[in-house]
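Working notes, structure below.
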Amino acid sequence: MQSVRVGAYGVCIDEGRILLIRFAGGDPRWSLPGGGVDFGEHPVDGVVREVEEETGYAVRVGSLLGVRSHVWSSTATHQVSVLYEVHVVGGELRHEVGGSTEEAAWISVEALETLPHTDELRAGLDLFHQRPADGCCVKQP
């Protein structure tokens, strides 16, 4: 059965560091904080909620960076990711407990190439730096 999943993710860069999460369950990859948008929830509200759940930070959404579209053929899922630039406005860094992530950290953007990370993170960084007018990063047939 085919399904569509909409997610909202935050790109938060400050002084050469990026706010990231690492997945729980033995998955060593780093990614952007964010996740699935709840039914009826606006993606802006979803990214604010997800970043707080996964990192402890309250954030303000700056700009829409773009949309990533990807099909996971192994699960017949079409992932549509809405990526936003976000800014920390409160809270304290902490790790999520009992969720899909197990660590939150500020990591040097330069160090990313040496760390296992997701395609979502790469897309978010590309959108952050390139800021394409159409907001498109990865198209799939």
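The values are calculated or read from the model by the stated rules, or taken from the named source; none is laboratory data. In this text, all values refer to a predicted model and were calculated from it rather than measured experimentally. Quick reminder, even Gly has a Cβ in these numbers, built from the backbone with ideal geometry, and neighbours come from all protein chains shown.
See the values below:
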read-out	value
Per-region count, region 34-54, residues more than 10 Å from the chain's Cα centre (by Cα) and part of a helix (DSSP H, G or I)	9
Among (1) crowded, with 16+ Cβ neighbours inside 10 Å; (2) touching a residue at least 40 places away in the same chain (Cβ under 8 Å); (3) in a loop (DSSP other than H, G, I, E, B) - the single one I21 does not satisfy	(3)
Complete set of residues in region 110-141 that are β-branched (V, I, T), surrounded by 14 or more Cβ atoms within 10 Å (Cβ to Cβ) and at pLDDT 90 or above	T118
Those strands (runs of 3 or more DSSP E) lying entirely in region 55-141 with at least 1 residues in contact with a strand residue (DSSP E or B) (Cβ under 9 Å, 6 or more places away or on another chain), without any contact (Cβ under 8 Å) to a residue 12 or more places away in the chain and under 20 Å from V6 (Cβ atoms)	57-72
Residues of region 4-18 that turn out to be over 17 Å from V82 (Cβ atoms) and assigned to a strand (DSSP E or B), as a count	4
Any hit, region 24-33, residues being surrounded by fewer than 15 Cβ atoms within 10 Å (Cβ to Cβ), in contact with a Lys or Arg (Cβ under 8 Å, 6 or more places away or on another chain), part of a loop (DSSP other than H, G, I, E, B) and at pLDDT below 95	yes
Top-ranked residue of region 74-96 - restricted to ones that are within 29 Å of A133 (Cα to Cα) and polar (S, T, N, Q), ranked as surrounded by the most Cβ atoms within 10 Å (Cβ to Cβ)	S81
Single residue of region 1-49 satisfying the filter (touching a helix residue (DSSP H, G or I) at 6+ places or on another chain (Cβ under 9 Å) and aromatic (F, W, Y)) that is nearest to T118 (Cα to Cα)	W30
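Conditions (1) of a type in the set (V, I, T); (2) under 17 Å from L121 (Cβ atoms), marked per residue:
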site	(1), (2)
V4	yes, no
V11	yes, yes
D14	no, yes
R22	no, yes
V37	yes, no
G40	no, no
